[in-house]
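Structure first, commentary second.
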Amino acid sequence: MPRLTVFAPLLTALSASVAHAEPPLRDLGVTVAPVGAYVLKDTDGTRESGYSAGVAWGYRRELSVVEVGGHMASSRLRTEATPMSIRITPAGPRRIRPYLGAGASLLLAHEKQDAAASRTLQVGAELCGGVGVELGRQLFLSAEARYQNFSADGDPFSGERQSMTSGYLGLGFRL
């Protein structure tokens, strides 16, 4: 019985600390990027450039080096989206958080540029890099650069490719 009276307060304190321990931070960040620009290089070497705006999202856990994200951006002529990309980022809470990622992208032309329907929706790959700077508990600034490579004729494995380079600045908030 004396052993129980010695260990009872210790077990109570241990169970209370485990019960009140906070789970690791998990958050969903949404970024609105009203400032964006892109350059699209077509298969014949012609370049198209313009301004665009976008919305991006990212989900991370505090102690993980992998996060999941995505975005959608639109200009007067095109809409491009990456529903999901996998990103590598430093673990732990940081005021400045850089990342590198890769994902699958879609490019949608608002007007058909030729008779082939396959040119309307194009599939490709994306490489992205960015940085988030914490402004407070819920707000952050975000800058992102993307390189995307799309099929020009509808077949994702086609040798005819278009490339798009773009950059975005925005303000994000945590949900």
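Quick notes
- Packing-based exposure ordering (other Cβ within 10 Å, fewest first) of ARG95, ARG78, ARG174: ARG95, ARG174, ARG78
- When each of HIS71, HIS110 is scored by the number of other beta-carbon atoms lying within 10 Å, the sequence from fewest to most is HIS110, HIS71.
- In summary, the range 24-174 shows an alpha-carbon radius of gyration equal to 1.09 times the 2.2 N^0.38 Å reference for compact globular proteins.
A short reminder: the numbers here are calculations on the coordinates, not readings from a lab. Given the structure is predicted, the values throughout are model-derived calculations rather than measurements. When we count neighbours, we look across all protein chains shown, and the Cβ atoms used for this are built from the backbone with ideal geometry, even at glycine.
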